[in-house]
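The values are calculated or read from the model by the stated rules, or taken from the named source; none is laboratory data. In this text the structure is predicted, and so the values were computed from the model without any measurement. Counting neighbours? That spans all protein chains shown, and the Cβs are built from the backbone with ideal geometry, glycine included.
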């Protein structure tokens with residue numbers, strides 16, 4: 001019935017009707033003319049196709065005619081009997097329809113009035129007379145002409161079912177009028193004046209809120225009961241839609257009323273507080289609310305934030321809870337929620353920055369370039385959890401800053417050394433006095449972006465006590481599958497850390513909890529070679545120290561040999577931290593001369609280095625001679641890099657006792673016992689007099705007794721030292737070894753190979769014995785670093801002894817003596 005208003009309006013502007021009475025009279029006349037007094041109509045009629053409209057018998061509608069074909073048809077009919085056939089168009093968008101584009105069941109109509117509008121269009125007011133079906137198409141030019149047959153109405157009268165349908169239709173129409181305020185009230189008067197069921201059906205079918213297809217279906221039904229039933233079904237759907245619409249509008253209106261009520265109450269509270277001289281919290285809350293509208297946070301967080309603001313308004317500003325609630329709301333609104341910096345995807349620029357800031361460490365730089373490449377292709381990638389593992393001073397922490405620069409991201413560093421309180425990570429519950437978020441959230445708040453490069457420094461030095469285990473708290477932070485829903489105890493809502501690029505640093509993996517280590521991608525940052533240290537000193541350390549001490553480039557220069565002397569004789573480390581201190585000491589010495597206006601040499605030479613730094617701290621040649629049997633050079637890994645160590649053995653008369661000294665750990669003690677057991681089992685094959693095991697005590701000593709030592713690397717070193725002392729065959733010159741052994745004589749692989757190789761090179765070692773499985777570690781080392789060193793890869797202990805021990809005995813061999821009864825007992829045996 002939504003078209004009724006338009007019909008009424010159009011009818012009034014044509015001047016055909018003056019008001020309500022005329023409309024009612026028209027309906028009554030129509031009932032008499034079209035339904036009560038049938039006429040003999042022509043079977044050859046012109047056909048007018050209309051869009052979005054279906055004409056029913058007895059109904060009056062206005063139609064605007066714009067197509068030339070239609071204008072010709074209307075003008076021709078106006079001059080004749082004013083009768084035309086009206087058929088609905090199947091596709092309303094078609095501007096030039098053919099016979100296939102219109103429905104073939106329509107309504108014969110009479111033109112009541114024709115008006116030519118100023119814009120050239122023609123409007124006609126027509127009244128439906130009788131339904132017809134096209135039986136034959138005659139022509140399309142100049143307009144549609146067709147042969148039709150008229151359809152009779154099959155509508156039983158004085159039936160109880162018809163009466164019930166009529167009442168139902170009127171009740172439904174009245175309900176629609178009540179629910180839809182857009183329909184004029186006059187429509188109810190018109191409905192009340194209709195007492196013909198057939199016309200009531202036509203009138204309501206024309207005005208229901210239904211598509212053209214549905215109305216056409218009603219027009220094509222001959223059975224009046226069936227048509228009225230389907231019409232009632234359409235009207236009930238319309239009523240349900242209008243009821244739902246009314247309910248939604250009522251609910252929205254109620255919400256608006258509640259907001260207006262709250263606003264007026266707040267304004268009254270504000271006036272009262274002003275009169276009492278109290279400053280209300282409204283201003284602060286409104287400022288926070290305005291900031292909250294600009295945040296890109298999830299809907300759940302937004303609802304939680306609004307709830308907290310409403311809670312603040314209910315708290316007395318003088319109450320102790322007020323500042324706590326206000327601080328909490330400020331923390332929420334100051335945190336970055338999905339506010340990110342734009343990543344720089346220029347991979348060549350990123351590689352140039354990494355190469356400029358850090359010499360070497362190619363593995364780490366390649367991993368960062370890979371991450372950037374995937375991020376560039378996918379546009380959305382969860383931040384990986386990288387763990388840079390290596391000795392101190394190799395640039396793990398400063399590498400994080402270079403990565404942030406290469407990515408174009410913000411940089412955060414959090415030191416974890418000695419952290420033992422879980423609340424430092426997860427925060428305190430805000431109900432506690434002095435509660436605050438954890439350091440993770442604090443730093444995110446400080447940096448103001450949710451995708452920084454976050455360096456977790458010294459993650460291996462986390463400790464735990466009665467206050468909790470921080471390493472367990474990091475299990476959620478450093479899990480790419482969980483940290484998107486990280487919950488800080490203070491925040492109480494989920495915070496997304498998945499966009500953060502976490503980079504942890506560690507000197508040792510042994511103290512890191514296994515579950516935490518499993519969540520990180522371990523990247524080993526090994527120590528630097530001599531050449532790398534010289535390049536680092538020239539490109540980074542010397543310019544940095546010169547700038548820090550106020551010198552210009554023209555004031556000082558370092559000879560390459562001087563840098564090499566500092567590295568070899570005054571610093572013995574994997575990193576460059578002590579090297580930087582030594583360079584700083586040299587630069588300070590020159591700065592003093594410049595400040596005191598003394599004469600000085602601008603070029604630093606090895607002699608000047610010795611004069612400034614004093615005598616050499618380390619001997620360049622650490623290798624000990626091999627003039628005595630039982631001394632073997634081994635290779636060890638420490639937290640500060642690789643070192644060489646010596647295993648010394650001696651025999652003294654006794655009862656076969658084994659003595660170990662040098663503060664050895666349990667693993668090294670087990671290696672010594674395993675080596676001795678192997679030698680006893682293979683004594684005959686190795687040419688060892690088995691009486692030595694019964695009548696001589698063996699002492700194994702590893703020098704630097706004040707330094708604790710442990711690990712599996714000294715297995716073959718100890719066995720070679722024992723074999724040397726028992727056979728009195730000395731070890732070859734400048735040979736070092738590392739590897740573990742088994743009771744069966746197998747050589748097992750060990751770790752820290754690169755650091756050990758660098759230590760061996762520093763000490764002047766020329767040959768190194770390793771397990772065959774460690775060959776893969778050698779293949780990863782740049783050939784330049786291992787130049788001048790020969791490697792022997794072995795699988796069995798016999799191969800180690802064959803390579804390491806000389807064929808002949810020492811010049812002054814130990815003379816072994818045994819008790820006579822021993823010889824007699826051996827002869828008897």
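Points to keep in mind about this one:
- Checked against (1) surrounded by fewer than 21 Cβ atoms within 10 Å (Cβ to Cβ); (2) at positive phi, residue 427 passes all but condition (1).
- So residue 687, is it buried (at least 19 other Cβ atoms within 10 Å of the Cβ), assigned by TED's automatic domain parsing to the domain that holds residue 749 and within 25 Å of residue 792 (Cβ to Cβ): no
- Output for the stretch 358-370, where each listed residue is buried (at least 18 other Cβ atoms within 10 Å of the Cβ) and touching a residue at least 60 places away in the same chain (Cβ under 8 Å): 359, 360, 361, 364
- Of the helices (runs of 4 or more DSSP H) entirely within the stretch 739-809, those holding at least 3 residues that are under 45 Å from the mean Cα position of the chain (by Cα) and either at pLDDT 85 or above or assigned by TED's automatic domain parsing to the domain that holds residue 685 (or both) occupy 753-762, 775-779.
- Residues of the stretch 441-459 that turn out to be part of a helix (DSSP H, G or I) and in contact (Cβ under 8 Å) with a residue 60 or more places away in the chain, as a count: 5
- Only listed residue being outside any strand (DSSP E or B) and modelled with pLDDT of 85 or more, chosen from 156, 142, 118: 142
A quick yes/no check of all residues on (1) assigned by TED's automatic domain parsing to the domain that holds residue 131; (2) surrounded by 14 or more Cβ atoms within 10 Å (Cβ to Cβ); (3) closer than 16 Å to residue 59 by Cα:
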| position | (1), (2), (3) |
| --- | --- |
| 197 | yes, yes, yes |
| 200 | yes, yes, yes |
| 206 | yes, yes, yes |
| 210 | yes, yes, no |
| 229 | no, yes, no |
| 252 | no, no, no |
| 259 | no, no, no |
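- Residue in the stretch 15-32 that is surrounded by 15 or more Cβ atoms within 10 Å (Cβ to Cβ), farther than 28 Å from residue 174 by Cβ and either assigned by TED's automatic domain parsing to the domain that holds residue 141 or at pLDDT 85 or above (or both) present: no
- Qualifying residue in the stretch 92-99 (condition: closer than 26 Å to residue 41 by Cα and in a helix (DSSP H, G or I)): yes
- With respect to being under 22 Å from residue 224 (Cβ atoms) and either touching a residue at least 12 places away in the same chain (Cβ under 8 Å) or assigned by TED's automatic domain parsing to the domain that holds residue 207 (or both), residue 129 fits the description.
- Residues satisfying the stated conditions in the stretch 356-383, i.e. in contact with a strand residue (DSSP E or B) (Cβ under 7 Å, 6 or more places away or on another chain) and farther than 14 Å from residue 343 by Cβ: 363, 364, 367
- Of all residues in the stretch 399-418, exactly one satisfies the criterion of being surrounded by fewer than 22 Cβ atoms within 10 Å (Cβ to Cβ), at pLDDT below 85 and on the phi < 0 side of the Ramachandran plot, namely 417.
- Reported count of residues in the stretch 40-81, each being closer than 28 Å to residue 208 by Cβ and part of a loop (DSSP other than H, G, I, E, B), is 12.
- Count of the stretch 160-173 residues which are free of Cβ contacts under 8 Å to residues at least 24 places away in the same chain and either within 16 Å of residue 240 (Cβ to Cβ) or assigned to a loop (DSSP other than H, G, I, E, B) (or both): 1
- For the stretch 635-685, a residue qualifies if it is assigned to a loop (DSSP other than H, G, I, E, B) and within 48 Å of the chain's Cα centre (by Cα), and the qualifying residues are 639, 640, 665.
- Counted residues, the stretch 770-785 - those being farther than 14 Å from residue 752 by Cβ and in contact with a helix residue (DSSP H, G or I) (Cβ under 6 Å, 6 or more places away or on another chain): 0
- Within the stretch 374-395, tally of residues that are at pLDDT 80 or above and either closer than 20 Å to residue 520 by Cα or surrounded by 19 or more Cβ atoms within 10 Å (Cβ to Cβ) (or both): 12
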